[in-house]
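Notes follow once the structure below has been shown.
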Amino acid sequence: MLHDTLDATDRAIVLATQEGLPLAPRPYHAVAESLGLAPEEVMGRMEKLLAAGVIRRIGAVPNHYALGYKANGMTVWDVDDARVSELGRRVGALDFVSHSYRRPRHLPQWPYNLFAMVHGKDRTEVEEKARAIAVLLGDACRGHEILYSSRILKKTGLRFGG
Amino acid sequence: MMDDTDRAIVNALQGGFPICDRPYAEAAARLGIAEEELIARLERLLAEKVLTRFGPLYNAERMGGAFTLAAMSVPEEDFERVAEAVNALPQVAHNYRREHALNMWFVVATDSREAMDAVLREIAERTGLEVFNFPKEEEFFLELKFAA
């Protein structure tokens, strides 16, 4: 999976850091030592991975459930194809939307082409936020639904074996 | 329980952690606390599972490979069997039950487009159900911004 764009050293760095950085004063030095690399090389390569977007960001990954965001609704919208890109960008910029994508419709069962994941303390809050999205989309939107998750069946995340 | 300093750490450090010799010292200085205090608090927030991880968040799609979101409409009496069959495939990363006629939604990750088609076909064959494929066509990004 990692073989197209990253070399062997990049892959080693990904594998050594994907579970987290060492909680030591010099974390990049610790990673470098475990891989037999110079600290400057680890830091230089991570800078490049960050600039290339292979690393989205470095920092704290919160458990949103522990922060009190106990309701998550996948809101799905049937938006005019001519306007979905422009409106999708505005939906993605809302501070309560964590992910937003354009995806294909499957007519007749599935008319929705815009997906936005909305998090809230409870379903009432998710519904309020969905109403704010509806206002933003205005007459470009022909309908929407909110799909709540009722059970996690599997959650292994994306992990790379190298 | 989180105190104000914990909340400031979670809110300020969801991105932008520096790449330098002493990054915790630099981040701590921005928060007005000492390096060792930041490290100790991060250890505790991880142990208490307020944070799932602290470090780089990788964008799997930028590393090559194929990803998709797929869904099925699973008859209630068959739900457990189908969930087991889908979850048994290592290419299935997440699987959620959702309240809808399409009641099973899962993310599939594979090395290539060809492998993706094969996995979706295999799921359809193993379960006898139609698999609706929702590959991403455009991403409206997306900065996680959970307020603590």
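The values are calculated or read from the model by the stated rules, or taken from the named source; none is laboratory data. Fair warning: this is a prediction, and the values are worked out from it, not measured in the lab. Every residue, glycine among them, receives a Cβ derived from its backbone with ideal geometry; neighbour counts consider all protein chains shown. Remember, those area values only see protein heavy atoms, side chains included, never the ligands or the DNA or RNA. Shrake-Rupley method; radii C 1.70, N 1.55, O 1.52, S 1.80 Å.
Quick rundown of the values:
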quantity	calculated
Qualifying residue in the stretch A:25-35 (condition: modelled with pLDDT of 95 or more, open to solvent by less than 10 Å² (accessible area, probe 1.4 Å) and more than 10 Å from chain B (Cβ to nearest Cβ))	yes
The one condition in (1) surrounded by fewer than 18 Cβ atoms within 10 Å (Cβ to Cβ); (2) more than 7 Å from every other protein chain (Cβ to nearest Cβ); (3) hydroxyl-bearing (Ser, Thr, Tyr) that residue A:112 fails to fulfil	(1)
Candidates A:87, A:49, A:15 - the one that is of a type in the set (A, V, I, L, M), touching a residue at least 12 places away in the same chain (Cβ under 8 Å) and open to solvent by 40 Å² or more (accessible area, probe 1.4 Å)	A:15
Residues of the stretch B:1-59 satisfying the condition of being touching a residue at least 12 places away in the same chain (Cβ under 8 Å), surrounded by fewer than 20 Cβ atoms within 10 Å (Cβ to Cβ) and among the polar types (S, T, N, Q)	B:5, B:11
Scan of the stretch A:18-27 for residues that are within 20 Å of residue B:51 (Cα to Cα) and touching a residue at least 12 places away in the same chain (Cβ under 8 Å), ordered by number	A:18, A:21
Residue under evaluation residue A:83, criteria (1) in contact with a helix residue (DSSP H, G or I) (Cβ under 9 Å, 6 or more places away or on another chain); (2) over 18 Å from residue B:20 (Cβ atoms); (3) not assigned by TED's automatic domain parsing to the domain that holds residue A:139, criterion not met	(3)
Conditions (1) closer than 29 Å to residue A:137 by Cα; (2) facing chain B (nearest Cβ under 8 Å); (3) at pLDDT 95 or above; number of the one not met by residue A:58	(1)
Output for the stretch B:60-82, where each listed residue is more than 16 Å from residue B:119 (Cβ to Cβ) and surrounded by 18 or more Cβ atoms within 10 Å (Cβ to Cβ)	B:63, B:74
Number of positions in the stretch B:36-60 that are of a type outside the set (Phe, Trp, Tyr) and within 30 Å of residue B:112 (Cβ to Cβ)	7
Given (1) touching an Asp or Glu at 6+ places or on another chain (Cβ under 7 Å); (2) farther than 21 Å from residue A:24 by Cβ; (3) free of Cβ contacts under 8 Å to residues at least 60 places away in the same chain, number of the condition residue B:91 does not satisfy	(1)
